[in-house]
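Below you'll find the structure, written out as structure tokens, and then a few comments.
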Amino acid sequence: MRQKTKSHLAVSKLTILAALLVPPVPPEFCNNEVNPMLDSGQDTETLLEVNNIEVIYNSVILVLKGVSLSVPKGGITALLGGNGAGKTTTLKAISNLLASERGEVTKGSVKYRGEDVHETDPADMVKRGVVQVMEGRHCFEHLTIEENLLTGAYTRKDGKGAIAADLEMVYNYFPRLRERRKSQAGYTSGGEQQMCAIGRALMSRPETILLDEPSMGLAPQLVEQIFGIVKSINESEGVSFLLAEQNTNVALRFAHYGYILESGRVVMDGPAAELRENPDVKEFYLGMSDDGRKSFRDVRSYRRRKRWLS
Ligand SMILES: Nc1ncnc2c1ncn2[C@@H]1O[C@H](COP(=O)(O)OP(=O)(O)OP(=O)(O)O)[C@@H](O)[C@H]1O
Ligand SMILES: [Mg+2]
């Protein structure tokens, strides 16, 4: 229990340290245009490219076995898969937060805007505009909601007025946070803490948010609400998202493109609309099938892989 609290704090400090170093967002990141090519899976400017990465924990545990993916500017890209598939590990490999977990990228490369960043310090990664919202929310429990939000803007140099305007923007996206702004974060609900974690990331004016499992532990109605807000942040602020999620159903309704991870490998990818209609995805991840099978566990893995690869 004690150990858990300690590591929680360590991760939070690292994340916030990184968040504090984000420079003001360049004007081109604040456009309101929605790229129609994103929904059709056509080519558009690529921000993030992960090429065939391998990740090993504690020098021996091979977790990612050659993961490749790309995140286009202005898109919501979903990284899907069950428990232990490697979603969080992939996000931490991108934001360079693996070292604190004794993990290491041993093969492959991560490029952001064409530059190799897989050796980049986590704080420098944030300076480039990439912020991670950690799984499990990680608010500062003893600070109020508003103080938590302001930590995301701590080192911004664009003045109090710009920060106040962004605080107002966050409250407009999350009216619930406005109501709870004076409450100590530790006493707010899981949904409010998730909103606070996303809001804090927004306060740093990122170009790309790596959002880990926003639906975790939340009631379905709240999950819908939070995904709806993510979608409007994406469309109105031009923020790109890489969204790790077990909840395939909701993620594929809000994302433009999806990758499905299984045991550290991408086993399928495609435009979200196509994945939603794919018979294997329906059967194994959306719980729908013609022959009454309800879980992907009911079918041997090799058979699924054979069908996906054929
Ligand atoms: N610090 C670590 N040390 C050793 N193994 C780890 C560590 N972190 C994760 N793993 C292992 O790596 C694998 C992938 O874990 P990861 O957390 O990336 O999965 P995930 O897809 O995010 O799962 P979940 O949906 O449960 O969050 C799991 O088998 C997990 O046990
Ligand atoms: Mg995870």
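FYI, it's all coordinate maths here, none of it is from the lab. Fair warning: this is a prediction, and the values are worked out from it, not measured in the lab. Ideal geometry is used to build each Cβ from the backbone, glycine not excepted, and the neighbour counts take in all protein chains shown.
Under the 0.36 nm per residue contour assumption, what length would be gained going from the current alpha-carbon distance of S236 and Y187 to full extension?
On the way: separation 49, 0.36 × 49 = 17.64 nm, distance 3.07 nm.
Extra length from S236 to Y187 when fully extended: 14.6 nm.
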Handout entry: Which listed pairs, of K92/K231; K73/K160; K157/K182; K127/K160; K160/K182; K92/K182, have C-alpha distances above 30 Å, in listed order
Key = K92/K182
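Work out the FRET efficiency for R178 and N249 from their Cβ-Cβ distance, taking R0 = 30 Å, and round it to the nearest 0.05.
Taking R0 as 30 Å, the efficiency between R178 and N249 is 0.50.
Express in nm, to one decimal, how much length is gained between E168 and V60 on full extension, taking 0.36 nm for each residue of separation and deducting their alpha carbon distance. Mind dumping the intermediate values first?
Values: separation 108, 0.36 × 108 = 38.88 nm, distance 4.72 nm.
Result for the pair: 34.2 nm of gain on full extension.
Can you give the Kirkwood hydrodynamic radius of the stretch 120-260 from its Cα pairs, in Å with one decimal?
Values: mean 1/r = 0.0656 Å⁻¹.
In the stretch 120-260 this quantity evaluates to 15.3 Å.
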